[in-house]
Amino acid sequence: MLSTRRHRAIAEWLPNEIITNLFRDLCRPIVYRVVDLEAGASVADFGGTVLSNAALAGLVRSYSVNLPRAGMSIAVKSLSSILVDSSKALVRLEALSISSLLLTDTDTGNLFRWTFPHLVRCSLGAASRHWSDTEQQHTLASFLIRHPGLESLHIQLGPHNLERSSAMVRIPLLQLQQLRCPSRIIPSIVAPGIKRVKIYWDDGGLNDVDTVFAALKAMIPSDVPFICSNDDYDENLSTVVDSLSRNLPPIRTLELCRYEFPPPNAVIDHFKNCLPRFTGLAFLSVQYMSRDPASTRKEEEQLNVLSDACPTLEACRLHQRAWRKVDGMWEKYPLIDFDVLAGLESWAL
């Protein structure tokens, strides 16, 4: 009780200004450690604060700036310079994520020429086609080479932004575990501990699909339950799955994200021919951006076809419906639980 009384007495005679400052000093490391903003006035305010106060800038470990939920204003790229300048001020930064739609080409190049000594998670890129230039690709490669400690990397370049993978040098990222990028970047990456990949394809990238998966195969540890996600249009996915089944048969989780209606029977039949090659596939997810309302009744039929073709399947998702095999029988399963079970929950950045 004596200690409690003493503490109470100190609080009674300390001026309110000192108490306020004490609490502010105690809270600042917590408040500034993770900064997650939507593009807008808050970005400019935060930028002005850290650019004028190095002590506060040194507290930030994670900085993320996303597009506004209500949509992007035409003037939003006016934040580009302050975004880059404020990011460069964060000397202890471990995680950085900025939507490519918020940065101009010039500021993107400026940011990629900077080095963050403690960076382990990164999501950056450029939105325009100007990144097809060889010089720009080497700028990106140089940025990655200077950050060998990266564990999670999302390169926000559409496949059309890159002319060829040969324009990029070999990039050793020995700590990398998660990678999201256009297909043409993968042959340039050296990451012997990779566990999860999400690939964006285009028509040109499909010309090198075997090269991409052969490079990926060389990076995957044999004892890792590997997750491979592929994002493309329906007509390309057959080629992707065929090559994947030949080059990486032991993968445990396969996610296919498609932009069009559920596959016609011809596509399902092609998947049926490829799936037996997978020797350990446990989780299959097939999603699409647009939806044919009449397809719902077909999903269980498609499930049975896929299950017969791949008896190792333990759970399956077809768009907004999921199932799990229990005692040899398929039962409906919550989508959230399926994503956790399959290791497809949101990426950590």
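The values are calculated or read from the model by the stated rules, or taken from the named source; none is laboratory data. None of these values were measured; they are calculated from a predicted model. Here Cβ is always computed from backbone atoms with ideal geometry, including for glycine, and neighbour counts include all displayed protein chains.
Out of the residues in region 229-247 meeting the condition of being of a type outside the set (D, E, K, R) and at pLDDT 90 or above, tell me which one is surrounded by the most Cβ atoms within 10 Å (Cβ to Cβ).
244
Scan region 136-163 and report the pairs whose first residue is at pLDDT below 95 and whose second residue is in a helix (DSSP H, G or I) and charged (D, E, K, R), with Cβ atoms within less than 9 Å and a gap of 6+ or a chain change.
From residues that are at pLDDT below 95, the pairs are 136/105; 158/129; 159/184; 159/203; 160/129; 161/129; 162/184; 163/184.
Is it true that residue 346 is assigned by TED's automatic domain parsing to the domain that holds residue 239, modelled with pLDDT under 95 and surrounded by 13 or more Cβ atoms within 10 Å (Cβ to Cβ)?
Spelling it out, it is not the case that residue 346 is assigned by TED's automatic domain parsing to the domain that holds residue 239, modelled with pLDDT under 95 and surrounded by 13 or more Cβ atoms within 10 Å (Cβ to Cβ).
So that you can scan it fast, the table gives a plain yes or no per residue for (1) outside any loop (DSSP other than H, G, I, E, B); (2) crowded, with 16+ Cβ neighbours inside 10 Å; (3) at pLDDT 90 or above:
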| position | (1), (2), (3) |
| --- | --- |
| 250 | no, no, no |
| 254 | yes, yes, yes |
| 257 | yes, yes, no |
| 261 | no, no, no |
| 276 | yes, no, yes |
| 286 | yes, yes, no |
| 291 | no, no, no |
| 294 | yes, no, no |
| 299 | yes, yes, no |
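Taking the residues in region 197-228 that are aliphatic (A, V, I, L, M) and outside any helix (DSSP H, G or I) as candidates, determine which candidate is modelled with the lowest pLDDT. So that I can check it myself, show each step before the final result.
Going through region 197-228, the residues aliphatic (A, V, I, L, M) turn out to be 197, 199, 206, 209, 212, 214-216, 218-220, 224, 227.
From what's left, outside any helix (DSSP H, G or I): 197, 199, 218-220, 224, 227.
Values: 197: 93, 199: 89, 218: 89, 219: 90, 220: 87, 224: 72, 227: 89.
Step by step, filter region 197-228, then rank; the result is 224.
Might you let me know whether region 309-325 holds any residue that is modelled with pLDDT of 90 or more, in contact with a Lys or Arg (Cβ under 8 Å, 6 or more places away or on another chain) and of a type in the set (S, T, N, Q)?
no
Among the residues of region 306-343, write down those that are loosely packed, with under 15 Cβ neighbours inside 10 Å and part of a strand (DSSP E or B).
Correct list: 326, 329, 331, 332.
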